[in-house]
Structure formats: structure tokens, C-alpha cells
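The values are calculated or read from the model by the stated rules, or taken from the named source; none is laboratory data. Computed from a prediction, not measured in an experiment: that's the story for all the values here. Cβ coordinates were reconstructed from backbone atoms using ideal geometry, including for glycine residues, and neighbour counts include every protein chain displayed. Note: accessible area is taken over every heavy atom of the protein model, side chains too, but ligands, DNA and RNA are not part of it. Shrake-Rupley method; radii C 1.70, N 1.55, O 1.52, S 1.80 Å.
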Amino acid sequence: MVTMAESMLDIINVRKSYGDELVLHDISVSLAEHEVKVLIGASGSGKSTLLRTLNLLEAIDDGQILLAGTDITAVGVNPDKVRAQIGSVFQSFNLFPHLNVLQNITLAPRKVHGVSKEAAEANAMELLQRFGLADKAKQYPDLLSGGQQQRVAILRALITKPKVLLLDEVTSALDPILIAEVLSLIAELKAEGMTIMIATHEMGFAKRVADHVLFLHHGKILEAGTPADILENPRTTELSDFLGALRDAGRL
Amino acid sequence: MSYQPSPLRLQREAARRRASRRSTLIAILSTVVIATVLTIAVTGAPGFKAVKESFFNWHYAKSAFPHVLSGLWLNLKVMLIASFFSFILGLLIALARTSHSPLLYPVRILATVFTDIFRGLPLLLVLFLVGFGIPGLQFTWLTNSVVVLGTVSLILTYSAYMGEVIRAGIEAVNPAQRMAGRALGLSPTQTQRYVVLPQALRKVTPALLNDLISLQKDSGLISTLGAIDAIRAAQIDASLSFNFTPYVVAGALFVSLTIPLTRFTDWLTFRQDRSRVQQGQW
Ligand SMILES: Nc1ncnc2c1ncn2[C@@H]1O[C@H](COP(=O)(O)OP(=O)(O)O)[C@@H](O)[C@H]1O
Ligand SMILES: [Mg+2]
């Protein structure tokens, strides 16, 4: 077990509504360095919204978000600078279809971080090699399987050495074998000490890899704890119902 | 053991061959019938002899050909230059109209007004307004060349068309692509440049090529200002010989100029459709 170090991400009383609908209800959570935190909750509970506020793709109505101690929601903060330090991957494979794998991965290092083409490509090839994707470097995304696409998307987010990796249901569009591919990549990242916040419905994965699990319900954190606490000893009826539904669907 | 096709398969293949032979036969027959009917209908017309004499006279065709061809060279140059600048101006208009920068607000308004005007005005009117209006201003530093003014008119009209096509392409790119770009830390401008625009241009290439085909034809309208292009050259020859064959020569040359571009556009559209089917993006 990696020892928990300083706090990497502090979410303090974050509130967010869409129109009249309160989607995030005074959320407070901290993510320590090297920690893997899993967000669970029914569809519409606010998982994606929470992740999008963290990389400033959604503005919050109230509260604060600190990244390594710095308030990234303060007035005057350049969101591009913040996003350059956070890796994010979403549910659908948002690779750029007009760029090949190598170009997809090296775009941010070259254009955002000013790394030379040669250095960025060498770096990308090393990463692809390590995760068994080197032979796909020159391929375009539409020729890759869903699992390969999602793994490339994760590597694209990783190559700039982000402080935190945000993953939003990165496996929900995949079939079981491809899910396993992607999850084992994430487990490897955890072993390397990556700080990760991930929304997922893969409870088995949560049990194996998560340090903490958060249960989100209608924009509130109803329960938080270790995977064993949450998955085996639910204290609220909402969580028992949610886990029951997953069990019925054969996902637990 | 080697594969032996089952009788079922042989039967099916024989049936398929029969069906395909029948289709070929029907296609040949119907072509012959229609061609015969058309020939009889046209050559049987009471005025056929006169029309043939005044539109399809081999002697006049030969004598007009070099003049019309050198006129066509002008059309081609005008078309290439107008295409280039229409695309650039159209691209700038599309970028201005899709940007959200407050700094560009006046440019956005200007681009919208420009598009509304030049998409609405008939090209012939633009040609008259520019071709006769600008020399009328009597600026000594401004050109009076009908070729230049004609080309400018084409650019004004076609940049408005192309701007709209490119704008539609930009708006058709999945918003998730822009979000993915921003999530990587790319600025709005970088996201537009490296993520959105390349995809947008790819999507609208067939539509832009269609505009080029139109532009190629419409380059003939500069003859109304007096530029000696293919049509004007044909007109001069026709008025000297009292025979319309030079117009037919000009028409044939224009068509032969557009056919390669048309086929290329068809091929490109076909290829894009096919890759969309393969990706299940219907
Ligand atoms: N852009 C948006 N505009 C309006 N409502 C939204 C938007 N995004 C999400 N919502 C609403 O916010 C709630 C939470 O959605 P979301 O964060 O996507 O939940 P989850 O990811 O847990 O399924 C839902 O009720 C959803 O309808
Ligand atoms: Mg979601």
C-alpha cells in the first residue's frame, strides 16, 4: 500500500445547479496524493458534473476547489493552465478522428507544454510500448477496438504527467473483455502512484483498486468509506437499493 | 480434405449468374431503344437541317476553336484565382461567425451582413455593380480592368457561399471534440485550429468542390463586362459568321472542364459515405 501524502485535490462545499435543479449539493471531498477514489451512484446522481467541475469544464456556483493547495476556482485563474495539470477521460472515446494515435497523444505536449515534436514522440512511443500499443502508433482511431481507443485516450491524458487523473465511466461503452483491458491499465497506474478520481459501475474493480468509495445520490454524498464499508455494509436505504439494483443486473 | 462446394451453393451461384446475364441484356436493349427513339425524334424534326447547319457546322467549329480555347484559358485563370481567394475569405468569415470572442464582435456582425448581402444578390448584379460602379468612382489608384473587377465580383459572391458551407461544417463537428480539446489544456483558438477545423473542412470538402464547379461555370459571366473569355470569344466569332457553332464549342469546352472535377467530387463523397457506413455513424 502506498502511503497517503499531502492533499492533492480539495473540494470544499461545492454547489452547482442547472436552472432550478441542484445537481451538486455542497460537496466536500479530499483526494490525497496517490489515492484512488471511486464515485458510484445512479445515473443522474451528479458524477459527471462533479468531475467536469474539477477540470473547470463546468463553473461552480459556490464553494472552492484546491489543486495541490492552490484555489483553481479563484477569480483570474487561467483555466487552460489548470487543465494542463489535470488529465481527464470521458465515457465516449473522444480521440480526435483526424489524427493518428501518435498525433493524438503528442498534441497536448507539443501545443500546450511546448515540448518538441521529437521529444514528445519519443515519450509517447515509450508510453505506448509500455502498455502494449506501440504497433498502433500510426493507426487512426476508427480502426482501433473500443478498448484500445479508451486506453489511448488514457495515455493521451497521462503523457503530460498530470497531478490528478479524472476518469468518467471510461468502460461503460465496452464489452467485458475490453473492460478488463482498460481496468488493468488503470490498476497499473495506481501501482505507479497515480492520483485518480473515477466514476464507474464496475464494483469488482472498485473493490480491488479503490482506496475510498463515495456514494453520490441526487447530488449529495450519502456515504463515504473503504470499498468494504460501502459495498458490504451500506448504512442508508438509498445505497442498499442501489447495490440491490446492481446485484439484480448481475453487476455486483 | 479440400472443400467441395455443396449442390446448394452451386445452384445459388447458377441462379445469380442467370439473373446478372438477364440484367445486362435488359440494360443493352433499353439503351438501344431509347437511343433510336431520341435520334428519330431529333433528326425527324422539321427544322433539324437548319439547326444542324447553324449550331453544328464543322467548318465554323474548327475556325472558332483556337479563339474559344484561348478565351477559356482566361476563364481557367479567373476561376483558379477566384477559388483561392473565395476559400480564404470564406474561411475567415466562417471563423469570425463561429467565434465567441467579444473582441471579434464587430467582425462577426460585419461577416454576417456581408454573407446576407452577397448570398442574396444575383451574381449578374454584383458584376454590374462592381464592373461598372467601381470605374465610375474614378479613383486613379483603382484598376478598371474588367478581368480584375469580374474576378472580384466572383470572389465576393463565392466567399459568401463558401463561408456558409465552412460554418456549417464547423457546427457539425461533435461538441465533445471541442470539450476533449479544452480538457487537454488547449486554448479555444488552438482547439479550433487543431481539433475542430480539420474535421470541419474534411466534412465539407465535397460541398466546397461543388461550389468550385459552379464558380468554374460562372467565370463565363465576366464576358458581360467585356472580358474576352471563352464565351465572349465565341460571341465575336458567331457575330462575324452569323453561325452559332462557336457557342456550342464554348459549351463543350466548359463541360469538359467540369467533368473531371464532378467525377472527383462524386468519388470523394462516395468514399466518405462508405467510411461512415463502416463506422456505423448513420
Ligand atoms: N449540461 C447540462 N444541462 C442541464 N442539466 C444537466 C447538464 N448536465 C447534467 N445535467 C443534469 O444534472 C444531473 C446530473 O447529471 P450527471 O452529472 O451527468 O450525472 P451522472 O454522471 O451521475 O449520470 C442530471 O439530472 C442531469 O440531467
Ligand atoms: Mg455520467
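Tabulated data
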{"read-out": "Projected-area average for segment A:121-252 over all orientations - Cα convex hull basis, square nanometres", "value": "8.9"}
{"read-out": "Phi-based couplings in Hz for segment A:40-57 (Karplus 6.51, -1.76, 1.60; Gly and Pro marked x)", "value": "10, x, 5, 4, x, 7, x, 4, 5, 4, 4, 5, 6, 5, 5, 9, 6, 6"}
{"read-out": "Accessible area of segment A:7-248 belonging to carbon and sulfur atoms, whole % at 1.4 Å probe", "value": "49"}
{"read-out": "Cα centroid separation - segment A:226-251 against segment B:101-124, whole Å", "value": "58"}
{"read-out": "DSSP-defined antiparallel bridges as percent of all bridges, the protein assembly as shown, nearest 5", "value": "55"}
{"read-out": "Summed buried accessible area for B+A [probe radius 1.4 Å, Å², rounded to 100]", "value": "1800"}
{"read-out": "Equivalent-ellipsoid semi-axes of chain B, from the Cα gyration tensor, Å, largest first", "value": "42, 40, 13"}
{"read-out": "Only Lys, Arg (+1) and Asp, Glu (-1) charged, at Cβ; the protein assembly as shown dipole about Cα centre in debye", "value": "2460"}
{"read-out": "A:M125 accessible area, assembled protein chains, probe 1.4 Å, Å²", "value": "60"}
{"read-out": "Length added when fully stretched, B:Q11-B:A35, from 0.36 nm per residue minus Cα-Cα", "value": "5.0 nm"}
{"read-out": "Accessible surface of segment B:76-230, 1.4 Å probe, proportion on carbon and sulfur as whole %", "value": "70"}
{"read-out": "Nitroxide proxy distance, nm - points 7 Å out along Cα→Cβ at A:S240 and B:R202", "value": "5.3"}
{"read-out": "Solvent-accessible ranking of A:K161, A:K37, largest area first, probe 1.4 Å", "value": "A:K161, A:K37"}
{"read-out": "Under 26 Å from the Cα of B:K77 - lysines, other chains or at least 8 residues apart", "value": "B:K62, B:K217"}
{"read-out": "Largest-first principal axis extents, alpha carbons of segment B:54-151, Å", "value": "65, 32, 22"}
{"read-out": "Quotient of C-alpha Rg and 2.2 N^0.38 Å, computed over segment B:76-230", "value": "1.18"}
{"read-out": "Cα-centre dipole for chain A with unit charges at Cβ (Lys and Arg positive, Asp and Glu negative), debye to 20", "value": "680"}
{"read-out": "Cut-off under 5 Å, modelled amide H: who pairs with A:V23 long-range", "value": "A:K16, A:S17, A:Y18"}
{"read-out": "Residue-wise HN-Hα coupling along segment A:174-191, computed from phi with Karplus coefficients 6.51, -1.76, 1.60 (Hz; x: Gly, Pro)", "value": "10, 8, x, 5, 5, 4, 4, 4, 6, 5, 5, 4, 5, 4, 5, 5, 4, 4"}
{"read-out": "In Hz, Karplus ³J(HN,Hα) per residue of segment B:72-81 (6.51, -1.76, 1.60; θ = phi - 60°; x = Gly, Pro)", "value": "5, 4, 5, 4, 5, 5, 4, 5, 5, 5"}
{"read-out": "Accessible area per residue in Å² at 1.4 Å probe, computed on chain A", "value": "43"}
{"read-out": "Kirkwood-Stokes translational diffusion coefficient of the protein assembly as shown, alpha-carbon pairs, 4 °C, 1.567 mPa s, µm²/s", "value": "45"}
{"read-out": "Mean-position separation - Cα centroids, segment A:1-63 and segment B:145-171, in angstrom", "value": "49"}
{"read-out": "For segment A:20-90, with +1 on Lys and Arg beta carbons and -1 on Asp and Glu, the positive-most of A:T73, A:L51, A:V29 along the dipole", "value": "A:L51"}
{"read-out": "Dipole of segment A:92-223, positive end: most advanced residue of A:Q149, A:H113, A:S184 [Cβ charges, Cα centre]", "value": "A:H113"}
{"read-out": "Centroid-to-centroid separation of segment A:161-204 and segment B:76-94 [C-alpha atoms, Å]", "value": "48"}
{"read-out": "Radius of gyration and maximum dimension Dmax of segment A:110-150, Cα, Å", "value": "11.5, 31"}
{"read-out": "Hydrodynamic radius (Kirkwood) for segment A:8-137, which is based on Cα pairs only, to one decimal in Å", "value": "16.9"}
{"read-out": "Solvent-accessible surface ranking, highest first, for B:W73, B:W141 at 1.4 angstrom", "value": "B:W141, B:W73"}
{"read-out": "Listed residues B:T39, B:L124, B:A19: farthest to the positive end of the dipole of chain B (Cβ charges)", "value": "B:A19"}
{"read-out": "Mean residue ellipticity (222 nm) of the protein assembly as shown, computed from DSSP H runs ≥ 4 via -39,500 (n - 2.57), nearest 500", "value": "-19500 deg cm²/dmol"}
{"read-out": "Distance (nanometres) between label positions extended 7 Å along Cα→Cβ at B:I109 and A:A187", "value": "6.2"}
{"read-out": "Average accessible surface area per residue within segment B:76-230, 1.4 Å rolling probe, Å²", "value": "47"}
{"read-out": "Semi-axis lengths (Å, descending) of the ellipsoid that matches the C-alpha gyration tensor of segment A:7-248", "value": "30, 22, 15"}
{"read-out": "Most to least packed among A:218-231, A:141-154 [average Cβ atoms within 10 Å]", "value": "A:141-154, A:218-231"}
